[in-house]
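Trainee: Quick one: this structure, given as structure tokens, is what I'll be asking you about.
The values are calculated or read from the model by the stated rules, or taken from the named source; none is laboratory data. Please read all numbers here as calculations on a predicted model, not as lab measurements. Cβ coordinates were reconstructed from backbone atoms using ideal geometry, including for glycine residues, and neighbour counts include every protein chain displayed. All accessible areas refer to the heavy atoms of the entire protein, side chains included, with ligands and DNA or RNA removed. Shrake-Rupley method; radii C 1.70, N 1.55, O 1.52, S 1.80 Å.
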Amino acid sequence: MEPLKFKSNFNALAVCAMLASTSLLTACGNAEAIVDADKIAVVIAVPVEVANLGHGSISANYATTAVLEAKEEAFVVPRASGIIDQIMVEEGDYVEKGQVLAQIEPQRYHLNLDRAKADLVGLEKELAKINKVYSQKLVSDDTFDKLNAQYQSAQATLALAELDLKEATITAPISGFIAERNAKVGNLTESFQRARMFHIVQQQDLYGIVYLPEKELSRVHKEQKALLDLTAFGGKPVEAVIERISPVIDPKTGTFKVTLRVPNHNHLLKSGMFAQVKLNYDTRDNVILLPRKALLAIDNSINVFVVKDGIATKTPIEIGYQEGEFVEVVSGLTGNEQVVITGHHNLRDKAPIEVVNNDELSLDKKNTDDTNKTPAQLAKS
């Protein structure tokens, strides 16, 4: 019986040892869990670019396009027929009204004029003789009337011969620049030919024709300002004003015609230039300006991330006019804040940030000497 008792005691001791080992392992595991829970989380700052708000002027505009047209232009065609003898101007030359452009060989017209003069002189002498005897009733009324009619016809023929000779000299009907010269020395011209010899444009003032939807009719008026952006000027805006507004709406397109007058005293603008047009409806001065790219639409509201002490805070705002790269802040900001302009799409509210741009945009600095400029002009200055 003794061996059995010894075996039972041995088994009991083994079980106790196993239980003790299990408890020891469990205690170690709990200790590791406590250490992990006490570890401090590593916070990564999001790299962003920021800009300072500022104050300035901003406008409400309607954007459209136009092609510049000359206020006055003339297509010069010959009234006389003949060989072109001389060309006095070239393309690009400025000419005054009445200045000689070309000369058609005039010999034929001189001969016609001499013949008309001779015919008139002969009729004048004959009429003088008839007048002496007509008073004595020695000549019939019919003969006298026919001679008077011939005399008047000869006078008209002489006047036409003088006009033909005058028209052999081609002159400018208006003052302006020679846009085209199609005539060449030695060419034969025909009276009132369809091919024009010269094209003259007067570009002291240019016109831009735009067509606006009828809903804009109440918002435009004469002398209203507009800005033109021309590719040839590298984005530098050109000022224009509304000169005429059509009183009718085109029923086919639902638009009305507006004519812009574009001053061109230095003759830098050219007819045919394509322009982006902004009609200025209203301008607000000394408002808070915000870069458009700082805006973020979240939960059906417009927000920006305001930076303070390295933390980006989501702030809802209300905006007004929008022009170019800038928008007007109506409420939500005081104008002294710094906002995120790049990297804000990956931000969360109260997220830590790291500013990576060295030269922070300051609208106040731009507006110090340019308070009367629009944001579009400021961005290009």
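Trainee: May I ask you to say which residue of E180, E214, E239, E190 is closer than 20 Å to A275 by Cα, open to solvent by 40 Å² or more (accessible area, probe 1.4 Å) and either of a type outside the set (S, T, N, Q) or touching a Pro at 6+ places or on another chain (Cβ under 8 Å) (or both)?
Mentor: On the way: E180 fails: closer than 20 Å to A275 by Cα; E214 fails: closer than 20 Å to A275 by Cα; E190 fails: closer than 20 Å to A275 by Cα.
Selected residue: E239, the only one of E180, E214, E239, E190 that is closer than 20 Å to A275 by Cα, open to solvent by 40 Å² or more (accessible area, probe 1.4 Å) and either of a type outside the set (S, T, N, Q) or touching a Pro at 6+ places or on another chain (Cβ under 8 Å) (or both).
Trainee: If L333 meets every condition in (1) part of a strand (DSSP E or B); (2) over 20 Å from V356 (Cβ atoms); (3) touching a strand residue (DSSP E or B) at 6+ places or on another chain (Cβ under 7 Å) apart from one, which number is that one?
Mentor: Here L333 clears every test but (1).
Trainee: Being free of Cβ contacts under 8 Å to residues at least 60 places away in the same chain and in contact with a strand residue (DSSP E or B) (Cβ under 6 Å, 6 or more places away or on another chain) is the filter here; which residues of the stretch 174-211 pass it?
Mentor: Narrowing the stretch 174-211 to residues free of Cβ contacts under 8 Å to residues at least 60 places away in the same chain: 182.
Residues satisfying the conditions do not exist here.
Trainee: Hey, which of the strands (runs of 3 or more DSSP E) in the stretch 159-266, taking only ones fully inside, have at least 2 residues that are touching a Ser or Thr at 6+ places or on another chain (Cβ under 6 Å) and either closer than 30 Å to H110 by Cα or of a type in the set (S, T, Y) (or both)?
Mentor: Details: elements: 169-171, 176-181, 198-213, 225-230, 237-245, 255-263.
Output list reads 198-213.
Trainee: Every residue in the stretch 71-118 that is without any contact (Cβ under 8 Å) to a residue 24 or more places away in the chain and not hydrophobic (A, V, I, L, M, F, W, C), please. So that I can check it myself, show each step before the final result.
Mentor: Going through the stretch 71-118, the residues without any contact (Cβ under 8 Å) to a residue 24 or more places away in the chain turn out to be 88, 107, 111, 114, 118.
Answer for the stretch 71-118, where residues must be without any contact (Cβ under 8 Å) to a residue 24 or more places away in the chain and not hydrophobic (A, V, I, L, M, F, W, C): Q107, D114.
Trainee: Looking only at residues in the stretch 147-160 that are at pLDDT 90 or above and of a type outside the set (S, T, N, Q), which one is least open to solvent (accessible area, probe 1.4 Å)?
Mentor: L158
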